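Here's the structure we're looking at; comments come further down.
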Number of protein chains: 2
Amino acid sequence: MPRPPIVHHNDSVLSAKAMLRIAVDAMGTDTAPLSEVEGAIQASREGLAEIVLVGPQDLLKRELARKGAQRLPIEIVHASESVTMGDAAAKAFRRKRDSSMQVAARLVRDGKAQGMVSAGNTGAVMTSAKIILGALEGVDRPALAAAFPTSKGRASVLLDVGANVDCKPQHLEQFAIMGEIYYRVIFGAERPRVGLLSIGSEDQKGNELTREAFLRLKELPLKFVGNVEGRDLYNGRVEVIVCDGFIGNVALKISEGLIEVIAALLKESLSSTLTSKMGYMLSRNAFRRFKKRVDYTEYGGAPLLGVRGVCMIAHGSSNAHAIKNAIRVAAEFVEGRVNEKIERELAGAIPARN
Amino acid sequence: MPRPPIVHHNDSVLSAKAMLRIAVDAMGTDTAPLSEVEGAIQASREGLAEIVLVGPQDLLKRELARKGAQRLPIEIVHASESVTMGDAAAKAFRRKRDSSMQVAARLVRDGKAQGMVSAGNTGAVMTSAKIILGALEGVDRPALAAAFPTSKGRASVLLDVGANVDCKPQHLEQFAIMGEIYYRVIFGAERPRVGLLSIGSEDQKGNELTREAFLRLKELPLKFVGNVEGRDLYNGRVEVIVCDGFIGNVALKISEGLIEVIAALLKESLSSTLTSKMGYMLSRNAFRRFKKRVDYTEYGGAPLLGVRGVCMIAHGSSNAHAIKNAIRVAAEFVEGRVNEKIERELAGAIPARN
């Protein structure tokens with residue numbers, strides 16, 4: 001496969017010091033490359049990282065120029081193809097070798113960037129990252145970790161939401177260790193509580209998988225609070241929740257679906273009478289704040305934990321702000337040495353038994 | 001175990017014609033027996049059924065008298081014990097033989113009522129109903145079916161939400177047949193669409209269980225639309241969704257948790273400034289209508305499909321209106337001959353292959 005040419009957008013301004021570099025797949029969002037370019041500009045202006053924008057070079061050059069961002073330390077690396085939301089992950093991987101997401105992953109693999117951000121087709125990004133970057137020592141299955149808002153203000157993190165189906169107990173054990181480290185580093189909690197998603201909080205509740213995983217999790221050197229229930233995702237009882245990737249995917253999509261229907265019903269209810277219409281207008285800003293709080297793109301997307309290098313997957317509907325947040329989290333992930341900690345803690349915690 | 005005495009509250013008004021009778025566990029809700037008694041009175045006034053209220057006889061007599069309902073066709077059957085929300089299901093079954101839910105189930109088993117309604121401890125009601133009533137011919141595992149509101153207006157039904165964990169493909173097949181009949185009869189749809197809850201809508205997406213179940217479901221004489229995703233629970237794409245009871249329980253509790261946190265965040269957002277506070281006050285009625293639409297107690301609780309007789313399980317927080325709705329659905333369930341249809345259609349659809 002052809003190696004993509006590296007195009008320096010504006011060499012002169014690239015900082016000499018070893019600032020960390022994040023590759024941004026510029027062709028992932030529904031509004032690509034607008035949100036990506038704008039998000040990269042914001043991240044760059046805030047000094048979060050040096051950015052490598054990956055995508056059609058002429059298009060990206062034009063966009064950067066149009067925004068007057070020529071002097072920022074933003075590099076462009078050309079990629080001639082894009083994966084669409086309709087592409088099947090495995091097929092896209094084989095057929096679109098020069099896709100922006102694969103090129104971004106290769107930049108990370110080759111040390112030209114320390115992390116990548118993509119808002120593209122989640123399955124395809126995961127496939128690209130798993131194959132191109134490979135797994136960390138001790139990790140059988142990289143896991144996608146999504147953050148949810150809670151009524152306590154701080155987020156809870158659920159993993160795997162990335163469709164690792166038919167998990168074995170040892171996979172959930174690895175998810176627990178990876179998720180706990182991620183939470184410590186990115187959300188700044190010293191001893192995050194870890195729960196196992198089940199159908200009742202009593203120890204013996206659950207299915208075959210969770211009952212076996214329970215026994216393993218309680219031996220780990222972390223703050224395991226036992227079984228938790230679906231409602232605990234949102235009530236702040238626990239910071240990290242582990243589950244099979246089928247369950248996690250269903251949980252994520254149910255939440256998205258419910259938020260959509262509530263927003264629609266609310267709007268409908270509130271525009272049905274003149275008084276409530278006035279009320280809606282008066283409370284519009286409050287609604288915006290509210291929607292922002294339940295919007296998980298605020299948390300900068302979901303990291304694929306357990307791959308070599310850093311891979312943040314953002315929502316396809318991400319705006320520039322969400323892309324910037326994902327870049328920020330990717331940078332914190334690198335600076336916080338999450339992967340080193342994962343390998344060290346997996347080696348320390350698990351081989352004694354497995 | 002002692003057979004409970006049958007106490008006729010007011011024999012003279014019991015109708016001679018064979019109106020159907022629903023036994024109501026009067027000790028299930030958080031406000032028991034107030035919501036149950038009031039719900040029974042409403043149901044009785046609307047002529048939905050003759051009601052048998054099951055619980056402490058003196059208490060129930062007093063409540064009915066206090067409400068001036070002595071002349072309604074409401075009978076009281078004494079039960080000396082109540083199951084609490086904290087009781088473990090199996091233990092409650094063995095230790096509290098004279099609990100209101102067991103007494104209600106025995107009335108159904110013995111033909112003294114055609115259906116029962118309980119808002120008590122869900123696990124304990126299911127255990128009582130499964131053991132006392134037994135399963136219909138052809139049903140391996142009775143399943144709890146919950147209704148959800150959708151943005152299209154009509155409800156969707158998810159089963160199993162009753163913790164039938166580690167299901168086999170043939171269980172999901174039975175759930176599909178039972179759920180489809182329930183939807184047809186209670187929601188009045190001629191050919192409800194049936195989906196299999198998975199992690200993508202393509203045929204091959206899913207885990208071991210769903211991939212095998214998929215092959216069985218597509219052979220059934222019903223409108224199977226294939227795999228559906230978590231978000232389809234709320235968007236009206238499909239009427240009946242089947243899944244393993246672990247997934248269904250998580251789906252239900254995540255939805256409940258999310259609705260709670262959204263309500264809390266919304267209230268907080270809307271009372272943070274004077275303008276939005278005014279907006280909130282002006283739109284209060286709209287909020288009430290909205291909350292009513294996402295409140296699944298509106299649908300009258302969840303039936304335990306596949307047991308002999310009818311068992312509707314209502315939410316512990318049910319008010320009188322929800323109890324009345326559950327009584328109405330129980331009556332429609334009997335009149336619609338749901339169980340006969342289940343046995344007939346299971347016999348017709350499945351033995352050819354199993």
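Values quoted throughout were computed directly from the atomic coordinates according to the rules given, and no laboratory measurement underlies them. Everything quoted here is computed from the prediction, not taken from an experiment. Glycine gets a Cβ as well: all are built from the backbone with ideal geometry, and neighbour counts include every protein chain shown.
The local environment of A:G179, defined by Cβ-Cβ distances under 10 Å, has a net charge of -2 under the rule Lys, Arg +1 and Asp, Glu -1. Projecting label points 7 angstrom from Cα along Cα→Cβ for A:E46 and B:I131 puts them 5.8 nm apart. For the segment A:240-253, counting C-beta atoms of other chains within 10 Å of every residue's C-beta and taking the mean gives 5. Across the identical copies, the 7 Å label point of A:A189, projected outward along Cα→Cβ, sits 3.9 nm from its counterparts, in ascending order.
For the listed peptides B:321-327, B:104-110, a ranking on the average number of other beta carbons within 10 Å per residue, highest first, reads B:321-327, B:104-110. Think of the stretch B:111-174 as a dipole: +1 on every Lys or Arg Cβ, -1 on every Asp or Glu Cβ, centred on the Cα centre; then among B:I132, B:Q114, B:V161, B:Q114 lies furthest on the positive end. Counting Cβ atoms of other protein chains within 10 Å of each residue's Cβ and taking the mean over peptide A:222-231 gives 3.
On the beta carbon distance between A:E219 and A:R337, with R0 = 25 Å, the FRET formula returns roughly 0.50. Among the GluC sites (Glu not before Pro) in the stretch A:182-223, those placed in a DSSP loop whose Cβ has at most 15 other Cβ atoms within 10 Å are A:E190, A:E202, A:E219. Across peptide A:114-124, the average count of Cβ atoms from other chains found within 10 Å of a residue's Cβ is 0. Taking the Cα centre of the stretch B:96-141 as origin and assigning +1 to Lys and Arg Cβ atoms and -1 to Asp and Glu Cβ atoms, the resulting dipole is close to 140 debye.
By the beta-carbon count within 10 Å of each Cβ, the least crowded to most crowded order of A:I313, B:I181, A:I51, A:I186, fewest first, is A:I186, B:I181, A:I51, A:I313. For the pair B:D166 and B:K112, the difference between a 0.36 nm per residue extended length and the Cα-Cα distance amounts to 15.9 nm. On the basis of the beta-carbon distance and an R0 of 25 Å, B:K67 and B:L20 show a calculated FRET efficiency of 0.65.
Using θ = phi - 60° in the Karplus curve 6.51 cos²θ - 1.76 cosθ + 1.60, the 3J(HN,Hα) couplings for the stretch A:68-76 round to x, 9, 5, 8, 7, x, 10, 9, 10 Hz; x is entered for Gly and Pro. Taking the Cα atoms of the stretch A:13-157, the ratio Rg/Rh between the radius of gyration and the Kirkwood radius comes to 0.99.
Averaging the Cα positions of each part gives two centres, and for the stretch A:108-148 and the stretch B:146-178 these lie 34 Å apart. Listed values for the stretch B:80-97 are Karplus-derived 3J(HN,Hα) couplings in whole Hz (6.51 cos²θ - 1.76 cosθ + 1.60, θ = phi - 60°), namely 8, 10, 10, 8, 9, 5, x, 5, 6, 4, 5, 5, 4, 5, 6, 8, 10, 5, and x replaces Gly and Pro. Modelled this way, with points 7 Å down the Cα-to-C-beta line, the labels at A:R344 and B:D140 are 4.9 nm from one another. Net charge dipole, the stretch B:63-181: roughly 400 debye, given to the nearest 20, about the Cα centre with Cβ charges of +1 for Lys and Arg and -1 for Asp and Glu.
Shown for A:T31: label points 7 Å from Cα along the beta-carbon vector, and their distances to the equivalent points in the other copies, 4.6 nm in ascending order. Around the amide H of A:V228, modelled in the peptide plane, lie the amide H atoms of A:L196, A:L197, A:S198, all under 5 Å away and 5 or more residues distant in sequence or on another chain. Among the listed pairs B:K218/B:K324; A:K218/A:K341; B:K218/B:K341; A:K205/B:K218; A:K253/B:K152; B:K91/B:K253, those whose Cα-Cα separation exceeds 28 Å are B:K218/B:K324; A:K205/B:K218.
Ranked from shortest, the separations from the 7 Å Cα-to-Cβ label point of B:S80 to its equivalents in the other copies are 8.6 nm. Neighbour counting of Cβ atoms within 10 Å sorts the residues A:M101, B:M27, A:M85, fewest neighbours leading, into A:M85, B:M27, A:M101.
Near A:S156, the amide H atoms lying under 5 Å from its own belong to A:F148, A:T150; only residues 5 or more places off or on other chains count, and H is placed 1.01 Å from N.
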